[in-house]
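Only the coordinates and a few stated rules stand behind these numbers; no lab work does. Model, not experiment: these values are computed from the prediction. Here the Cβ positions follow ideal geometry from the backbone for every residue, glycine too, while neighbour counts run over all protein chains shown.
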Amino acid sequence: MMKFIPLRPRTLALLAVLVPLMMLFFYVALRSGPLAPVAVTVAQAEHRAISPALFGIGTVEARHTYKVGPVAAGRLLRLEADVGDRVVAGQVLGEMDPVDMDDKLRAQQAAMKQAEAQLQEAQTRQAYAKTQAHRYEQLHAVRSTSEENYAAKRHEFELADAILKATQQQVSRVRADQEGLSTQRKNLKLIAPADGLVSARKADPGTTLVAGQAAIEIIDPTTIWVHARFDQLSSKGLATGLPAKLVLRSGAGQALNGHVTRVEPLADAVTEEIIAKVTFDEAFATLPPVGELAEITVTLPGVASAIVIPNASLKRLKNQVGVWEVKRGGLQFAPITIGATDLNGRVQVLDGLSDQAQVVIYSARALSAQSRISIVDQLPGASQ
Amino acid sequence: MVTAGIRIEGLRKRFGSGDTAVDALKDVNMVITPGEVVGLVGPSGSGKSTLLKCLGAVVEPSAGRMTIGDELIYDNRWVIKDLRALRRDKIGFIFQAPYLIPFLDVTDNVALLPMLAGLSNAMARKQALELLQALDVAHRARAMPSQLSGGEQQRVSIARALVNRPPVILADEPTAPLDGARALAVIRILNQMARQYEAAIIVVTHDEKIIPTFKRIYHIRDGKTHEEVGEGRDFE
Amino acid sequence: MISLAGRDILHSWGKFVFTGIGLGLLIGVTLTMAGVYRGMVDDAKVLLDNSAADLWVVQKDTLGPYAEPSSLYDDNWRGIRNIQGVASATNVTYLTMQVRHGESDVRVLVTGVVTGETGAPGWPPHLIAGRQITRGHYEAVADVATGFKLGDQIKIRRNVYAVVGLTRRMVSSSGDPMVFIPIKDAQQAQFLKDNDAILEQRRRTEQNPALNRPGLPEVLDAVIATQSANPFVNAVLVQVKPGYAHPEVAESIRRWKRLQVYDRLQMEEILVGKLIATSARQIGMFLVILAVVSAAIVAFIIYTLTMGKIREIAVLKLIGTRNRTIAGMILQQALGLGLIGFVVGKVSATFWAPVFPKYVLLEPGDAIRGFVAVVVICVLASAISIWAALKVDPAEAIGG
């Protein structure tokens, strides 16, 4: 009876306060802070096939873009086509200001008329000279006129004939001049080179354009494709003909079917990307705006069944990729070689991990080989 | 020389020194035999308290002799060096109020003294219980002081004063807060205990109700004691 | 002998326990303060740990990328990669910004990491849910502290990112949770303004006659194109091949690439020594004040308890209790109070620490130091009470 404790209710009340407090204290000391085990979740490495895919982004582009503009510097007179118009090959879209070209053309026409009048005169003269020559020839035959007169008439005739030929050439020249001018005049018209859709109108009437500057751009809507860029690090297996899913930024996540039409032989050295062209399989009712951003997921050929783990379990320790394997309740770092990956975060393990291996997926803290772990179903805070 | 419970001869106490010196006790002589209860009465300022403190070994007298039982404890200076042990073993105290330790129960309040003297807890409690039985409060042995009535508290304090069987018990106005009947009951108990435990009991009082009960009374006046024969009225 | 202190505590246990709890909450605050400091240091270290780098290559003459802005051309890594001893060199960008989350904003550190290379430096080293980024664009791994959940959409500047993975304790040196996104997006995010600003910039460029030359319409397009490109990153994280000394590799990068290079120790010095030094002193002051206040409270409580028992102490002394016993009683009570306080403090600190918006790291070492401090404080605080108790004259019990 060394510690005969008086007053039970008081003692009990004190104990009722102190005992839970001490229990809490020890719980707290052991379950929190560095002494506490690290909560982890594990999964079993499983055999399964994965379908790897590549992800890239790109912009909608037209395969052919026609830039229509003047061949010589000048001022735009009129431009009838506007953005969104469908045009057919040969359609006049607008015209450059001809300035004095019409006047020149009229002068040319007058010159033509003048030449024709001259031709007519020459023909008349030649016909008369021919008649005269013929008559004098007959007169000369009956010796009714002198040899000299006859020669003079013949000479007149030959002269009139030569003048006629010259005048004919003159008419041809003036006509050619006129045609040339008229062709130049026609060239001032801006004409659609192919069927298409007006995608840009870059100048308005009155604007002065330099030679080669586009006044209007026409794209061919039947040849819309996507200029896609894939990071060089993750573009293994990209090839022509692979199927692809395309999501336009405006498409609200709706995927369109397509396929890789071309992998460009030139990669972008600055952005470290590989460039490919992806064509849509279906035609569009309304064309997506050229330049719109698109996400491209290229499906690669499936990989035969192999050991697969989630990429969240991959760790890098001393420049070595591996996973934490749970062995007899402890942790062991298993360096692995990884193969194909898919976009859902599954990684194929080529080497270093056996089937049925227990692999740490998530951990509340960084792990080391000495870490004490407690395996849980889900880490706190990780609810969906 | 008769073996006295306590014997005081020519006890003097001077406070201060030089011109401002005050003689509180000038010549105190008392002899109390074991089993005797004597009264010590006197007006305020007569040196009653000072005498009690000197007897209680908490104030050092200036001169004189003091003997408890056969042991000389003061002879112009303390002969006994361990005054604390002296107080614990030789002197019992009863105060105006019970002054029980509020956080100890009745038994431990009493048993504390033997424990301080080095007894085991069990032995000390056994002694305490005996005394509580003698004083008729054993049924409250497990109660806390605050749960007791005034009379019970006073009896517990008497038990505490007696528990180490001291030859001398100093009671300082033990009946002051009590009415006539209760005051007389306390005196009766003190008388009984004095006989039972052969203790010399000095009761400091100015309670008119109980003065007639003493057979011997020391009046203290102006620092000097005068012995008188009391009425020794039988109040039983 | 019975324990006087124990009996007194039992007798007035309510007062004692509640005082102890009150003191405990104060000690809890003190421990939390220390935890806040440890948390800040840990935030800095965690940031460095999570980047998994041996060396940080940053802009010359800067303390980047965490303490100062730093920008490097994003093709610098190629040259660095070729330096002997470099195992890997990875671009990384950091951008602290507000991100909308539901009704409110969260402040996050948007980190651009190189995708496609498994476990590259800069990647979140461990997840608590979801998966790592697999697509080169528009995917994000967010820290749980941001409040985002798997499948949520995060809008960063112009783009929307799907949260595919969650991390824990991935924070910047100032404790802002991190959001990892592919580096190409991050470069864009870091540079790109809102649409209005872009239009304004284009307009300004168009109005500049030097850039918009009549007769040379292509110049404008080229200028605008260069304006909207961001060939910069904030740092290059370098891992050193085994067998190469970090300072030597750092020195050769410094010498040949003319860039600033920090190793792990220097980075810690920058983050802990420079970035949070003032905060640390601030918290140090708080700790001192809290310790003084705790000491004052313990002293006051013990003094009050002792003074309330002065008559009993006088009686105890009169009936022969040793001074040692009385001093022991007071000291034991002070220590008991300190013990209750410490336990309550440790428990409460542990329970409220996770509620703090920033990380509070309660180290067992700090708890032990705190316990020693509490004991010392209690002993010191009881000194005045002991002195007062020993001064009590046993004569006071007599006569009054």
Would you list which lysines come within 23 Å of C:Lys309, measuring only between C-alpha atoms, while excluding same-chain residues fewer than 8 positions from it? B:Lys53, C:Lys15, C:Lys317, C:Lys391
log₁₀ of I(q)/I(0) at q = 0.14, 0.23 Å⁻¹ - the stretch C:297-379, Debye sum with one point per alpha carbon: -0.60, -1.07
Checking B:His206, B:His219, B:His139 against a Gaussian network model of chain B (alpha-carbon springs below 10 Å), the top fluctuating residue turns out to be B:His139
For the protein assembly as shown, build the charge dipole from Cβ charges (+1 Lys, Arg; -1 Asp, Glu) around the Cα centre, then report which of A:Gln378, A:Leu119, B:Pro43 sits farthest towards its positive end. B:Pro43
Given N residues in the stretch B:137-236, what is Rg(Cα) / (2.2 N^0.38 Å)? 1.14
Under 20 Å from a label point 7 Å along Cα→Cβ of A:Thr261: give me every residue in the stretch A:232-248 with its amide N that close. A:238-248
Roughly how compact is chain A, stated as its Cα Rg over 2.2 N^0.38 Å to two decimals? 2.20
Which FRET efficiency value, to the nearest 0.05, do you get for B:Ser17 and C:Asp393 by plugging their Cβ-Cβ distance into 1/(1 + (r/R0)^6) with R0 = 25 Å? 0.80
Over all distinct alpha-carbon pairs, what is the Kirkwood Rh of the stretch A:125-215 in angstrom? 18.6
Just to confirm the number: angle between the C-alpha axis of helix A:8-31 and the first principal axis of chain A, 0 to 90 degrees, nearest 10? 40
Which Rg and Dmax, in Å, describe the Cα atoms of the protein assembly as shown? 56.1, 224
Degrees separating the helix B:150-162 axis from the principal Cα axis of chain B, which is the longest one: 70
Between A:Lys327 and A:Ser250, what's the calculated FRET efficiency when r is the beta-carbon distance and R0 is 51 Å? Round to 0.05. 0.50
Are there any helices in chain C, counted as whole DSSP H runs, that stretch 15 Å or more along their axis by Cα and score at least 0.0 on average by Kyte-Doolittle, and if so which? C:13-51, C:217-227, C:277-307, C:323-352, C:364-391
State whether the stretch C:147-305 is rounded, prolate or oblate according to the following rule on the C-alpha gyration tensor (a ≥ b ≥ c being the square roots of its eigenvalues): a/c under 1.5 gives rounded; otherwise a/b larger than b/c gives prolate, and the remaining case gives oblate. prolate
Nitroxide proxy distance, nm - points 7 Å out along Cα→Cβ at C:Trp352 and C:Asn82: 5.9
If you build the Cα gyration tensor of the stretch A:1-155 and take the root of 5 times each eigenvalue, what three semi-axes come out, in whole angstrom, biggest first? 128, 23, 11
Let me check the size of chain C from its C-alpha atoms; what are the radius of gyration and Dmax in Å? 31.0, 118
Can you tell me the orientation of helix A:101-141 relative to chain A, as the angle in degrees between its alpha-carbon axis and the longest Cα principal axis, to the nearest 10? 30
Using the Kirkwood formula on the Cα atoms of the stretch A:216-339, what hydrodynamic radius do you get, in angstrom to one decimal? 17.7
Choice from A:Ala239, A:Ala294, A:Ala166 showing the highest fluctuation, given a GNM over chain A with Cα pairs closer than 10 Å: A:Ala166
Skipping prolines and chain starts, which residues have an amide H placed within reach, meaning under 5 Å, of the one on B:Gly5, given they are 5 or more residues away or on another chain? B:Ile32, B:Thr33
Between C:Leu31, C:Leu216, C:Leu335, find the one with the highest GNM mean-square fluctuation for chain C; connect C-alpha pairs within less than 10 Å. C:Leu216
Cα→Cβ-extended label distance, 7 Å offset, between A:Ala366 and B:Arg165, nm: 7.7
Only bridges whose two residues both fall in the stretch B:6-229 count here: according to DSSP, what percent of them are antiparallel, nearest 5? 55
Dipole magnitude (debye, nearest 20) for the protein assembly as shown, charges at Cβ of Lys, Arg, Asp, Glu: 2560
Taking all pairs of different Cα atoms in the stretch B:6-229, averaging 1/r and flipping that mean, what Kirkwood radius in angstroms comes out? 17.8
